[in-house]
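Structure, as structure tokens:
The values are calculated or read from the model by the stated rules, or taken from the named source; none is laboratory data. This structure is a prediction, so every number in the text was calculated from the model and none was measured. For neighbour counting, all protein chains shown are included, and Cβ atoms are generated from backbone atoms with ideal geometry for every residue, glycine included. Protein only, heavy atoms only, side chains kept; ligands, DNA and RNA dropped before computing areas. Shrake-Rupley method; radii C 1.70, N 1.55, O 1.52, S 1.80 Å.
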Amino acid sequence: MNKREFNKLLNRIRTDESALMALYRYYYPRIILHIDRVYPKINSEDVAQEYFLNLLKMQNTTYIENPTSWVYRACENIAKRVAVKTKNVFSASDTIEYISVAADIEGRSIDKLHAIGLLDKVDDETARLIIYLHYWEGYNFREISELTNINHSTVRQKHSKAIKSLKKFL
């Protein structure tokens, strides 16, 4: 679906059921696949349903330049909220695997891909996970502590050491 068609449908979803159905038919299976790949412990169908309910609640829409990236990011945000609410724990290896797959995800910038390569320079797998969750996913240290079952002060220490080691390469 091109961005012009997406934006046209997006502006009509509150008044035209066929617009919502067209978006649903196109994006629902893609959302399911994306969330299953990125957040395998989260129910992707629930995320997709909540996303479409949120679309109906939207008041004002602006023109979306990258519709697929916008949809995926919104769904990832929903999945993160669900993970925090249900206290799903992400293992370091699951998230590091996601980092390696991130290059395949549509809409990632070259700067982020370069920075993901820098993460390989961090020796400690847990520290890599902390850096990733903090800077790419937007979690604060308290949330990272809850997600990973690592003490809050340990999260801060590992973050600090990882930043020091990364500064050597920058």
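Of the residues in the range 134-157, at least one is open to solvent by 100 Å² or more (accessible area, probe 1.4 Å) and at pLDDT below 80. Checking each residue in the range 40-63 for being closer than 18 Å to Arg25 by Cβ and in contact with a Leu (Cβ under 9 Å, 6 or more places away or on another chain) picks out Ser44, Phe52, Leu55, Leu56. Annotation note: Cβ proximity below 9 Å between a residue of the range 149-170 that is within 16 Å of Glu125 (Cβ to Cβ) and in contact (Cβ under 8 Å) with a residue 24 or more places away in the chain and a residue that is of a type in the set (Lys, Arg) and open to solvent by 100 Å² or more (accessible area, probe 1.4 Å) (sequence gap 6+ or interchain) occurs for Val155/Arg142. Being more than 21 Å from Gly138 (Cβ to Cβ), free of Cβ contacts under 8 Å to residues at least 60 places away in the same chain and either open to solvent by 80 Å² or more (accessible area, probe 1.4 Å) or part of a helix (DSSP H, G or I) (or both): is that true of Arg73 here? Against the criterion (more than 21 Å from Gly138 (Cβ to Cβ), free of Cβ contacts under 8 Å to residues at least 60 places away in the same chain and either open to solvent by 80 Å² or more (accessible area, probe 1.4 Å) or part of a helix (DSSP H, G or I) (or both)), Arg73 does not qualify.
Selection within the range 114-133: residues that are assigned to a helix (DSSP H, G or I) and open to solvent by 50 Å² or more (accessible area, probe 1.4 Å). The member of this set that is farthest from Arg73 (Cα to Cα) is Glu125.
Within 17 Å of the chain's Cα centre (by Cα) and modelled with pLDDT of 75 or more: does that describe Leu113?
Working: within 17 Å of the chain's Cα centre (by Cα): yes; modelled with pLDDT of 75 or more: no.
In short, no.
Does at least one position in the range 30-40 carry a residue that is crowded, with 20+ Cβ neighbours inside 10 Å and not in a helix (DSSP H, G or I)? Yes.
When the residues of the range 43-54 are filtered to those that are under 11 Å from Cys75 (Cα atoms) and not charged (D, E, K, R), the one that is most open to solvent (accessible area, probe 1.4 Å) is Gln49.
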